[in-house]
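The values are calculated or read from the model by the stated rules, or taken from the named source; none is laboratory data. A quick note: this is a predicted structure, and the numbers were derived from the prediction, not measured. As a convention, Cβ positions derive from the backbone with ideal geometry for all residues, glycine included, and neighbour counts pool all protein chains shown. Side chains are part of the model used for accessible areas, which takes the heavy atoms of the whole protein and leaves out ligands, DNA and RNA. Shrake-Rupley method; radii C 1.70, N 1.55, O 1.52, S 1.80 Å.
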Amino acid sequence: MKEQREGIVEYIWRVFSSMKLGLILLGLVALVSGVGTVFPQVNLDPEKAKEVGQIWQTLGFTQIYSTIWFRLLMGLLCINLIVCSIQRFQGIYNRTFALKPPESVSTVPNKVKARLAGESEPLKSSVQEVLQRSGFKVTTNTGDKGWSFIAIKRRLGNWGSLISHISFVVLVIGAILGTTMGFKGFMMTSAGTTIPINSINVSRGTVKQDFSVHIYSAEDRFLANGERDNWYTDMGIIENGKEVLRKTISVNHPLTYKGVTFYQSSFANGARLSVDLKGQKIPVVLQDRGGNYFQAPGTELYLIVAAIKSDPQKPIIQYQVYKGKGVQPVQTGQLNTGQTIDVQGEYKLTLEGSAGFTGLQVKQDPGVMVVWLGCALLLLGLLLSFYWRPMVVLGVFESGQGTNGELTMGTMAGKVTGGVQQEFDRLIHDIQAK
């Protein structure tokens with residue numbers, strides 16, 4: 001039974017250490033990602049996602065990146081990368097820190113090669129001096145018939161591909177942390193309102209925090225020359241009935257509290273109105289172009305602001321009143337600042353002034369630092385792989401008569417030998433010049 005279990009473990013290890021499996025999984029991930037770009041995703045475009053056929057929604061094609069089977073696919077790919085990295089670790093370590101000089105001329109690479117004749121000790125001294133001056137770490141070995149050496153330069157470049165593979169695993173872990181433990185939502189609200197954080201529109205995840213957000217003001221500021229400056233929102237965090245943080249945010253200048261970040265993403269004009277309903281004063285803030293509505297209590301009347309003249313000092317609005325499910329307004333008109341009108345004999349409406357509506361993207365992503373770490377590792381891996389390629393030079397000196405002999409030198413080169421050949425020729429020239 002023990003041998004059978006060991007056989008199963010070895011089989012699973014062999015399967016996940018296969019490069020062929022890695023390529024298959026990468027192909028499947030690319031295919032699924034392509035499907036995700038064809039089908040609208042719920043977290044990006046919920047309205048279009050609802051228009052997709054029910055069968056595709058059931059299969060998860062409209063939320064493909066959060067489905068269990070996509071995460072399982074990514075998990076299998078991560079396991080494959082981890083197993084392959086473990087298998088390669090010892091070999092990379094040996095090529096970096098445990099290189100051994102060759103034992104015979106036959107082990108010297110033939111692709112880029114040279115032979116130098118001379119006396120043993122002076123030649124050995126020249127080789128060591130030139131290579132060390134060029135940044136190589138030199139290891140020598142002395143035998144009965146001569147000596148040998150191996151030298152490596154930019155040895156950390158051996159770790160580039162391994163670090164790149166590990167970075168992918170770190171990126172996936174960060175993404176999973178962000179999708180499973182965080183949330184993404186949106187809130188559109190006017191100045192003077194207080195909204196519990198757990199009541200915002202959430203497109204992904206669940207809000208577990210219980211503080212509130214108060215909007216003091218929302219502004220669309222312009223410069224003296226008429227160009228737009230930025231959108232600004234003066235907001236505060238209310239927790240346990242007390243304000244614990246207040247800040248004015250703008251585009252590219254968010255606010256973060258307890259891991260939740262508020263980003264300024266949009267702005268809309270609005271109007272401050274007051275409703276006199278049978279002696280009861282009701283403050284109302286409505287968004288431009290019918291972004292929200294007011295239903296007078298006890299009536300079927302719905303009031304919207306169809307248009308606003310963008311004058312912060314004296315705004316003018318075009319209003320519309322609908323009744324019940326009717327598609328045609330029962331009352332329309334223009335309202336100036338300070339003007340009061342009667343709405344269908346039910347209440348009095350007065351325009352008090354302008355108000356801004358701020359649109360805030362709200363996000364909690366506990367995996368963001370992990371993702372940044374993955375990006376840094378990926379950049380490091382690519383830099384080491386492409387701009388810090390190691391160079392290994394080795395050689396064997398065979399004694400002839402007396403102290404004279406011949407040194408056979410070579411370098412390990414890949415398919416492209418142009419740059420390696422030039423550097424090797426320069427080393428040979430400097431050694432001969434000694």
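So that you can scan it fast, the table gives a plain yes or no per residue for (1) touching a residue at least 12 places away in the same chain (Cβ under 8 Å); (2) among the charged types (D, E, K, R); (3) at positive phi:
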| position | (1), (2), (3) |
| --- | --- |
| V343 | yes, no, no |
| L349 | yes, no, no |
| E352 | yes, yes, no |
| D365 | yes, yes, no |
| V396 | yes, no, no |
| Q401 | no, no, no |
| G419 | no, no, no |
| L427 | yes, no, no |
| D430 | yes, yes, no |
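Of the conditions (1) open to solvent by 40 Å² or more (accessible area, probe 1.4 Å); (2) over 30 Å from L407 (Cβ atoms); (3) free of Cβ contacts under 8 Å to residues at least 40 places away in the same chain; (4) part of a helix (DSSP H, G or I), R88 satisfies every one except a single condition; which number is it?
Of (1) open to solvent by 40 Å² or more (accessible area, probe 1.4 Å); (2) over 30 Å from L407 (Cβ atoms); (3) free of Cβ contacts under 8 Å to residues at least 40 places away in the same chain; (4) part of a helix (DSSP H, G or I), only one is false for R88: (3).
Which residue out of F70, F61 is crowded, with 17+ Cβ neighbours inside 10 Å and either modelled with pLDDT of 90 or more or assigned to a loop (DSSP other than H, G, I, E, B) (or both)? Talk me through it step by step, then tell me what you get.
Working: F70 fails: either modelled with pLDDT of 90 or more or assigned to a loop (DSSP other than H, G, I, E, B) (or both).
It is F61.
Suppose we filter region 114-139 for residues that are under 20 Å from L99 (Cβ atoms), in a strand (DSSP E or B), charged (D, E, K, R) and more than 46 Å from the chain's Cα centre (by Cα); how many remain? Walk me through how you get there before you give the answer.
Quick first cut of region 114-139, residues under 20 Å from L99 (Cβ atoms) only: 114, 124, 127-139.
Remaining after also requiring in a strand (DSSP E or B): 114, 137-139.
Now restrict to residues that are charged (D, E, K, R): 137.
Cutting the leftovers down to more than 46 Å from the chain's Cα centre (by Cα) gives us none.
Qualifying residue count, region 114-139: 0.
Please work out which one of (1) open to solvent by less than 30 Å² (accessible area, probe 1.4 Å); (2) out of contact with any Phe, Trp or Tyr (no Cβ under 9 Å at 6 or more places or on another chain) is the condition G174 fails and give its number.
(2)
Give region 316-339 a look and list any residue that's among the aromatic types (F, W, Y) and open to solvent by less than 40 Å² (accessible area, probe 1.4 Å), or say none.
Initially, region 316-339 is screened for residues among the aromatic types (F, W, Y), giving 319, 322.
Hit for region 316-339 is Y319, nothing else.
Do you know which residues across region 340-384 are of a type in the set (D, E) and either open to solvent by less than 10 Å² (accessible area, probe 1.4 Å) or closer than 30 Å to L286 by Cβ (or both)? Talk me through it step by step, then tell me what you get.
Kept after step one, since they are of a type in the set (D, E), are these residues of region 340-384: 342, 346, 352, 365.
Across region 340-384, the qualifying residues are D342, E346, E352.
Can you say whether L116 is closer than 30 Å to N404 by Cα, surrounded by fewer than 18 Cβ atoms within 10 Å (Cβ to Cβ) and modelled with pLDDT of 90 or more, as far as the supplied structure shows? Steps first, please.
On the way: closer than 30 Å to N404 by Cα: yes; surrounded by fewer than 18 Cβ atoms within 10 Å (Cβ to Cβ): yes; modelled with pLDDT of 90 or more: yes.
Yes; evaluated as a whole, the condition is true for this residue.
Could you tell me which residue of region 296-307 is farthest from the chain's Cα centre (by Cα), considering only residues that are within 18 Å of L335 (Cα to Cα) and open to solvent by 30 Å² or more (accessible area, probe 1.4 Å)?
Restricting to residues being within 18 Å of L335 (Cα to Cα) and open to solvent by 30 Å² or more (accessible area, probe 1.4 Å), the top hit is Y302.
Kindly establish whether Q313 is open to solvent by 50 Å² or more (accessible area, probe 1.4 Å), more than 30 Å from W159 (Cβ to Cβ) and in a strand (DSSP E or B).
Details: open to solvent by 50 Å² or more (accessible area, probe 1.4 Å): yes; more than 30 Å from W159 (Cβ to Cβ): yes; in a strand (DSSP E or B): no.
No.
Considering (1) touching a Gly at 6+ places or on another chain (Cβ under 7 Å); (2) free of Cβ contacts under 8 Å to residues at least 12 places away in the same chain, say which one S199 fails and leave the rest.
(1)
How many residues does region 91-113 hold that are assigned to a helix (DSSP H, G or I) and either open to solvent by 100 Å² or more (accessible area, probe 1.4 Å) or among the aromatic types (F, W, Y) (or both)? Give the steps one after another, and end with the answer.
Quick first cut of region 91-113, residues assigned to a helix (DSSP H, G or I) only: 91-97, 105-107.
Then drop every residue that is not either open to solvent by 100 Å² or more (accessible area, probe 1.4 Å) or among the aromatic types (F, W, Y) (or both), which leaves 93, 95, 97, 106.
Of the residues in that region, 4 qualify.
Just to verify a result, which residue in region 335-373, among those that are of a type in the set (S, T, N, Q) and under 23 Å from F267 (Cα atoms), is nearest to the chain's Cα centre (by Cα)?
At the first step, the residues of region 335-373 found to be of a type in the set (S, T, N, Q) are 336-337, 339-340, 344, 350, 354, 358, 361, 364.
Adding the requirement that they be under 23 Å from F267 (Cα atoms) leaves 336-337, 354, 358, 361, 364.
On the way: N336: 48, T337: 48, S354: 39, T358: 26, Q361: 17, Q364: 14 Å.
Here the answer is Q364.
With the requirement that a residue be open to solvent by 60 Å² or more (accessible area, probe 1.4 Å) and closer than 18 Å to K258 by Cα, what does region 177-193 give you? Step through it out loud before you land on a result.
Start the filter on region 177-193 by keeping residues that are open to solvent by 60 Å² or more (accessible area, probe 1.4 Å), which leaves 180-181, 186, 188.
T180, M181, F186, listed by residue number.
When you check R14 against the structure, is it assigned to a helix (DSSP H, G or I), more than 31 Å from the chain's Cα centre (by Cα), charged (D, E, K, R) and loosely packed, with under 13 Cβ neighbours inside 10 Å, yes or no?
Yes.
When the residues of region 250-278 are narrowed to those that are of a type in the set (V, I, T) and touching a residue at least 60 places away in the same chain (Cβ under 8 Å), which ends up most open to solvent (accessible area, probe 1.4 Å)? Walk me through it before giving the result.
First pass over region 250-278, keeping only residues of a type in the set (V, I, T): 251, 256, 260-261, 275.
From what's left, touching a residue at least 60 places away in the same chain (Cβ under 8 Å): 260-261, 275.
Working: V260: 0, T261: 19, V275: 1 Å².
Within region 250-278, the match that is most open to solvent (accessible area, probe 1.4 Å) is T261.
Taking the options L407, L349, name whichever one is modelled with pLDDT of 95 or more and more than 30 Å from L171 (Cβ to Cβ). Walk me through it before giving the result.
Details: L407 fails: modelled with pLDDT of 95 or more.
Step by step, each of L407, L349 is checked, and only L349 is modelled with pLDDT of 95 or more and more than 30 Å from L171 (Cβ to Cβ).
Taking K281 as meeting all but one of (1) in a strand (DSSP E or B); (2) free of Cβ contacts under 8 Å to residues at least 12 places away in the same chain; (3) over 30 Å from V327 (Cα atoms); (4) more than 30 Å from the chain's Cα centre (by Cα), write down the number of the exception.
Of the numbered conditions (1) in a strand (DSSP E or B); (2) free of Cβ contacts under 8 Å to residues at least 12 places away in the same chain; (3) over 30 Å from V327 (Cα atoms); (4) more than 30 Å from the chain's Cα centre (by Cα), the odd one out for K281 is (3).
From the list F211, F183, which residue is more than 30 Å from C84 (Cα to Cα), out of contact with any Gly (no Cβ under 9 Å at 6 or more places or on another chain) and not small (G, A, S)? Working first, answer last.
Values: F183 fails: out of contact with any Gly (no Cβ under 9 Å at 6 or more places or on another chain).
After applying the criteria, what remains is F211.
Pairs only if they're at least six apart or on different chains, beta carbon under 6 angstrom, first in region 375-394 and modelled with pLDDT under 95, second in a helix (DSSP H, G or I) and loosely packed, with under 14 Cβ neighbours inside 10 Å; list them, first residue then second.
Final answer for the pair search is none.
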